[in-house]
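Below is one structure, written out as structure tokens; the observations come after it.
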Amino acid sequence: VLGQPRRDEIGNLSRAFNKMTSQLERQQDALLEANEQLDYRNRFIEAVLGGVSAGVVGLDATGRIDLVNRLACDFLGEDAAALTGRTLTEVMPEVDALLERARKRPRKRLEQQITTPDGGGNERVLLVRISTELEDGAIMGFVVTFDEITQLLAAQRKAAWSDIARRIAHEIKNPLTPIQL
């Protein structure tokens, strides 16, 4: 009589143990699959950011850098490891006012031209855009993109002066035509 319940207890314990190990195995498989998906997404994001022609910097809610693409690293003159964890205003103080405006107006995408020194005594003109990441109305972070437009602005000025010179030449030529005839 005493042996029978004991066998049921061991059987129950064995079934519970087998059930627990199979659950652990399923959970481990699910975790491995989730990690593979995260790795795939990270590689995809890195590939996309690597192919973008603009500098891209991801910031957390406090303004600290947590993601930076290769072009931004090249522009800022430091590698991603050196930039991660630092504030954007520490690395690029010219964007401080724009970042503050983004904090005050998180639903609006902001854009501004900013002039920065290039290290060689000249200035670079950047078109900086800041988008705010929101979740349930709370700021989760920011995405800052910037394009160097120094050469574009120089080309526009050159085209404008060329057009002015052409018009002046036309105005000078107009009165001279009847005189020549």
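Per-structure values
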{"quantity": "0 to 90° range, to nearest 10: angle between helix 3-51 axis and the chain longest Cα axis", "calculated": "10 degrees"}
{"quantity": "Among 155, 17, 57 - extreme Cα towards positive end, dipole of the chain, charges at beta-carbon", "calculated": "155"}
{"quantity": "Accessible area of the chain divided out per residue, in Å², using a probe of 1.4 angstrom", "calculated": "73 Å²"}
{"quantity": "Charge dipole (debye, nearest 20) of segment 65-116; +1 at Cβ of Lys and Arg, -1 at Cβ of Asp and Glu", "calculated": "540 debye"}
{"quantity": "Total charge dipole magnitude, the chain, about the Cα centre, Cβ charges on Lys, Arg, Asp, Glu only, Debye to nearest 20", "calculated": "620 debye"}
{"quantity": "Ellipsoid semi-axes in whole angstrom, largest first, where each is sqrt(5λ) of the Cα gyration tensor of the chain", "calculated": "65, 18, 15"}
{"quantity": "Helix 150-180 axis, angle to the chain major axis (alpha carbon atoms, nearest 10°)", "calculated": "20 degrees"}
{"quantity": "Segment 74-152: radius of gyration and largest Cα-Cα distance (Dmax), Å", "calculated": "13.6, 45"}
{"quantity": "Residues whose placed amide H lies under 5 Å from that of residue 133, excluding near-sequence neighbours", "calculated": "140, 141, 142, 143"}
{"quantity": "Whole-Å distance, taken between Cα centres, linking segment 79-134 and segment 22-71", "calculated": "23 Å"}
{"quantity": "In Å, descending, principal axis extents of the Cα set of segment 18-119", "calculated": "66, 30, 21"}
{"quantity": "Helical mean residue ellipticity (222 nm; -39500 (n - 2.57) per DSSP H run of 4+; nearest 500) of the chain", "calculated": "-19500 deg cm²/dmol"}
{"quantity": "Added length on full extension, which subtracts the Cα-Cα distance from 0.36 nm per residue, residue 32 to residue 12", "calculated": "4.2 nm"}
{"quantity": "With every protein chain in place, segment 102-153: carbon and sulfur % of accessible area (1.4 Å)", "calculated": "43 percent"}
{"quantity": "Nearby aspartates and glutamates by direct alpha-carbon distance to residue 104 (threshold 19 angstrom, same-chain neighbours under 8 apart not counted)", "calculated": "60, 94, 96, 133, 135, 136"}
{"quantity": "For residue 86, distant residues with modelled amide H under 5 Å away", "calculated": "65"}
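The values are calculated or read from the model by the stated rules, or taken from the named source; none is laboratory data. Everything numeric in this text was worked out from a predicted model, so none of it was measured. Neighbour counts are summed over all protein chains in view; Cβ atoms, including those assigned to glycine, are modelled from backbone coordinates with ideal geometry. Each accessible area value is taken on the protein alone, full model and side chains, heavy atoms only, with ligands, DNA and RNA left out. Shrake-Rupley method; radii C 1.70, N 1.55, O 1.52, S 1.80 Å.
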